[in-house]
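Written out below as structure tokens is the structure these notes cover.
The values are calculated or read from the model by the stated rules, or taken from the named source; none is laboratory data. Remember, it's a predicted structure, so these values are computed and weren't measured experimentally. Methodologically, a virtual Cβ is constructed for each residue, glycine included, from the backbone with ideal geometry; neighbour enumeration extends over all protein chains shown. Note: areas computed on protein heavy atoms with side chains; ligands, DNA, RNA excluded. Shrake-Rupley method; radii C 1.70, N 1.55, O 1.52, S 1.80 Å.
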Amino acid sequence: MNKVLEVCIDSLGSARAAIAGGADRLELCSALTVGGLTPYGELLRQIRRESSIPIRAMIRPRYGDFLYTEDELEMMVMQIEHLKQLGADGFVFGCLTPQGALDTAAMQRLMDAAGSCPVTLHRAIDVSKDLLDTYRDAAKLGIDTVLTSGGAVNCLAGSETIGRLLEINAAGGGPAVLIGAGVNAGVITQLRARFPAACCFHLSGKREVESGMLFRRQEVPMGLPGLDEWHIQQADPENIRAARAALDG
């Protein structure tokens with residue numbers, strides 16, 4: 001299987017950094033501080049003016065769980081159609097049932113909207129009831145890639161499950177196992193030494209950029225309590241470059 005280094009980004013600056021660092025593909029989002037939401041079409045257009053790098057767009061209309069209403073699913077279909085017109089190459093989404101299984105009916109509806117574009121099942125798999133069953137259901141749907149931490153807080157903690165998914169992939173040719181959550185150059189080296197079949201990794205490679213604001217009213221939050229509004233997280237080309245070297249090494 002081909003090596004893939006995917007970088008999740010939510011700004012033009014991060015897209016430029018990821019491309020400069022050697023990313024193979026972008027996962028385009030908004031609001032990475034809440035795990036990533038559906039991106040702005042205008043950002044996709046900005047990136048497309050500069051690069052033809054493959055871009056998979058996150059389709060997630062809100063933060064929180066992955067149990068969607070009919071109205072939300074309708075909006076997700078419209079988001080796919082809109083972003084496809086603007087140049088998205090693929091899509092990233094996930095829907096669960098109240099019981100924690102993959103909602104195959106909802107997923108099929110979104111996949112129909114995506115058409116021939118490849119689809120990644122995102123980390124909804126990591127909060128599903130049975131990751132291996134969810135992976136197999138994704139395979140039956142024809143999903144191209146599954147992004148996972150192995151059902152743990154990070155990919156090192158979930159490495160045992162990741163290994164099992166890689167075994168299923170090797171035996172049956174299911175979706176590519178895209179390893180995410182806590183990925184950096186050192187983690188890539190460690191996991192590839194343990195699992196030679198691990199060849200697809202997902203990271204943000206971010207650093208904190210100090211706000212240019214001189215006046216700062218600290219006691220008036222604009223979002224989630226405790227969110228630092230005086231630093232902006234942005235991909236660092238050196239972090240991406242190091243991850244690229246670890247993957248290729």
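Give the residue from PRO221, ASN184, GLY249 lying farthest towards the positive end of the charge dipole for segment 182-249; charges sit on Cβ (+1 for Lys and Arg, -1 for Asp and Glu) and the dipole is referred to the Cα centre.
GLY249
Please report the relative contact order for the chain, taking Cα pairs under 8 Å with a sequence separation of at least 6, and give it as a percent rounded to a whole number.
20
Hey, could you grab the Kirkwood Rh for segment 70-171? Inverse mean 1/r over distinct alpha carbon pairs, Å, one decimal.
14.1
Counting DSSP beta bridges with both partners in the chain, what percentage is antiparallel, nearest 5?
The antiparallel fraction comes to roughly 25 percent.
So in segment 1-149, what percent of DSSP beta bridges are antiparallel if you round to the nearest 5?
Of those bridges, close to 10 percent are antiparallel.
Please state the charge dipole magnitude for the chain, taken about the Cα centre, from unit charges on C-beta atoms (+1 on K and R, -1 on D and E), reported in debye and rounded to the nearest 20.
Around 620 debye, computed over the chain.
Which value in nm describes the separation of the simple spin-label points at ASP228 and GLU208, placed 7 Å from the Cα toward the beta carbon?
For ASP228 paired with GLU208, the spin-label model returns 0.1 nm.
Report the normalised scattering of segment 115-249 as log10 I(q)/I(0) at q = 0.12, 0.15, 0.18 Å⁻¹, calculated by the Debye formula with identical scatterers on the alpha carbons.
Taking Cα atoms of segment 115-249 as identical point scatterers yields -0.58, -0.80, -0.99.
For a quick size check, give me the Cα extents of the chain along its three principal axes, largest first, whole Å.
Here the Cα extents, ordered largest to smallest, are 57, 46, 36 Å.
Just how large is the dipole of segment 68-118 about the Cα centre, in debye to the nearest 20, putting +1 at every Lys and Arg Cβ and -1 at every Asp and Glu Cβ?
180
How far is the Cα center of segment 76-99 from the Cα center of segment 208-249, in Å?
Here the two parts' Cα centres lie 26 Å apart.
How much area per residue is accessible in segment 103-249 when the probe is 1.4 Å and only protein heavy atoms are counted (Å²)?
Solvent-accessible surface per residue comes out at 50 Å².
Let me know the charge dipole size of segment 39-163 about its Cα centre in debye, to the nearest 20, where only the beta-carbon of Lys, Arg (+1) and Asp, Glu (-1) is charged.
360
Quick check: from the Cα gyration tensor, does segment 1-79 come out rounded (a/c under 1.5), prolate or oblate?
Prolate.
Among GLN99, ALA193, PRO118, whose Cα sits farthest toward the positive end of the charge dipole of the chain (+1 at Cβ of Lys/Arg, -1 at Cβ of Asp/Glu, about the Cα centre)?
Toward the positive end, the furthest listed residue is ALA193.
Can you tally the lysine pairs in the chain where the Cα-Cα distance is under 26 Å and the two residues are eight or more apart, or on different chains?
Going through the chain pair by pair, I get 5.
Pick out, from PRO39, THR134, GLY205, the residue whose Cα sits farthest towards the positive end of the charge dipole of the chain, with +1 on the Cβ of Lys and Arg and -1 on the Cβ of Asp and Glu.
Toward the positive end, the furthest listed residue is GLY205.
Looking at the chain as a GNM with Cα springs under 10 Å, which of MET107, MET75, MET58 has the largest mean-square fluctuation?
Evaluated over the chain, the most mobile residue of the options is MET75.
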